[in-house]
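Below is one structure; the comments refer to it alone.
The values are calculated or read from the model by the stated rules, or taken from the named source; none is laboratory data. In this text, all values refer to a predicted model and were calculated from it rather than measured experimentally. We place every Cβ from the backbone using ideal geometry, glycine too, and count neighbours over all the protein chains shown. Protein only, heavy atoms only, side chains kept; ligands, DNA and RNA dropped before computing areas. Shrake-Rupley method; radii C 1.70, N 1.55, O 1.52, S 1.80 Å.
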Amino acid sequence: DNVRALAVGASGGVCVSGSSDNTLRLWDLSMQRCVQTFAVHTDSVWDVQFDEAHGAIYSGGRDGCVYRTHVATKLSELLFMEQHPVTSLASAEGEIKKLWVSTTASAINEWLVPDALDAGKEA
């Protein structure tokens, strides 16, 4: 599998990757190894954002879906779905309240992010 996206946590001790095998991986950088794998997407993951303070991974990819995965509970929720593959995600510093999403249709869309992980599927 090819790693397509990386995001380092604010502490510098952990990293999240998104891959062409449809998975997210949480890495412990001091141990230099994967400590958790999440199978969330149905196609390649093209970008990730890591909200380490709240233990949440935001991911988007070729399937057009943007998910929030809670590391502690291993639950994922579909936040929204684009009509085209998601090429990148962006957010303001601090708590993620909005995500800006670019797609292969050369569009940038703004989405409000719900406050809590209401429901989800186990990753």
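Under the condition of being touching an Asp or Glu at 6+ places or on another chain (Cβ under 8 Å) and within 14 Å of residue 49 (Cα to Cα), the residues counted in the stretch 12-22 number 3. The residue that is surrounded by the most Cβ atoms within 10 Å (Cβ to Cβ), counting only those in the stretch 54-74 that are of a type in the set (A, V, I, L, M) and in contact with a strand residue (DSSP E or B) (Cβ under 6 Å, 6 or more places away or on another chain), is 57. Filtering the stretch 27-53 to residues that are at pLDDT below 95, surrounded by fewer than 23 Cβ atoms within 10 Å (Cβ to Cβ) and within 19 Å of residue 111 (Cα to Cα) leaves 49, 51. Right, residue 10: open to solvent by 20 Å² or more (accessible area, probe 1.4 Å) and touching a residue at least 60 places away in the same chain (Cβ under 8 Å) or not? When the stated conditions are applied, residue 10 does not pass them.
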